[in-house]
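Read the structure below first, then the notes.
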Amino acid sequence: MKKRKNGQRTNNDSRLPEMIQTDDDQREPSTPQGKETKRSGKKDRKIRKSSFLVNMKIAPKLLLGFLTIALLAAVMGGFAVFNVLTISNAASNMYVNMFLPSQSMATLSDLFNTGCNHLRQALIAEEDDINVYTSQLETDSLKYTSTLSLLENMIPPDSAEKFNTLKKEYDDYISLFKDAIDKIKKGQREEVKKDIMHYGDLKTAEGKVEKAIDSLKSSMTAGSAKIDTNTREVSSMAVYVTIGTAGVVLILSVLIGVLIARGFSRPIKRLTQHVQKLAAGDTDITLTVYPRKDEIGQMRDAIGRITDSIKALESDTSKLIGAAMEG
């Protein structure tokens, strides 16, 4: 009987590890483990699916982030160049449409006044100097006519009507001016003097030209103010666009940097916590369930294998100790 009992005990002892193994397989997770799973689930929120960026190695991922930031910087540089060109074109338009016509208008006015002064000097000059003054008057007439033709190509559309009026008045004046030169050459200076002193045809035409010049100046000044305002608006808009683009690029660069940093720091922090628990002898850890194929995923898999090995070792040790105590 003892042998049978011993044999039965031996058989029961041989079946004990299997029963223990079966009980271990059917054992449900303890409450702390379930709580830990819930905490981990709250941290993860959602089960992430494997993607190209997640599986990418760390070095290429960093390089991709830097290239993205560089691309954003290049876009900002392109906007800056575009805005600089816009400001340059606005300045060029201001020079062509405002400064050149204004300068030519000032030259035209000076030539007209110079011609009028030379005419009066010719009327009081000595007989021997008449030819010198008449030659000078003819030169003044040619300069004035060429400057007027040059100005015609620069006049803004808003001042075209004023310019046409000036051109008409000048054509009437230049005809009388040339007649006055011919009279001076013939020695009829007194007739020209009377015309100027008593507001004859020449003096009247001279006054109309002066009035037309002043009217054209006023019109061009108003047009210049409008061009200046438009140029300032374009320049301001270009500056605002540049600042806005720089701000957007800066924000996007910071966001990309933060996302890349969080993508590395958060899983590494969790793995560090798991390793610290393993070092303290606590194998009750739950790793994230989403797969990664980068270096962080390899670390996670390694920690998982180490945890499984420790748990298996603890389980075998417990079984051996239990069998030894019952035996």
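Here is how the numbers come out for the structure above:
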read-out	value
Cβ-based exposure ranking for ILE87, ILE268, in which fewest neighbours within 10 Å come first	ILE268, ILE87
Cα-Cα over 26 Å, subset of LYS178/LYS208; LYS183/LYS203; LYS269/LYS319; LYS178/LYS211; LYS162/LYS183; LYS162/LYS185	LYS269/LYS319; LYS162/LYS183; LYS162/LYS185
Entries of LYS168/LYS193; LYS143/LYS217; LYS143/LYS186; LYS143/LYS194; LYS61/LYS277 with Cα pairs more than 21 Å apart	LYS168/LYS193; LYS143/LYS186; LYS143/LYS194; LYS61/LYS277
Selection from LEU202, MET154, MET76, by position along the positive dipole direction of the stretch 73-204 (Cβ)	MET76
Per-selection metrics, the stretch 95-236 (Cα): Rg and Dmax in Å	17.7, 64
Order of LYS193, LYS186, LYS143 under a 10 Å beta carbon neighbour criterion, fewest first	LYS186, LYS193, LYS143
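Here, each number is a calculation from the coordinates, and none is a lab measurement. Note that the structure is predicted; figures quoted are calculated from it, not measured. Glycine also receives a Cβ, built like all others from the backbone with ideal geometry; neighbour counts cover every protein chain displayed.
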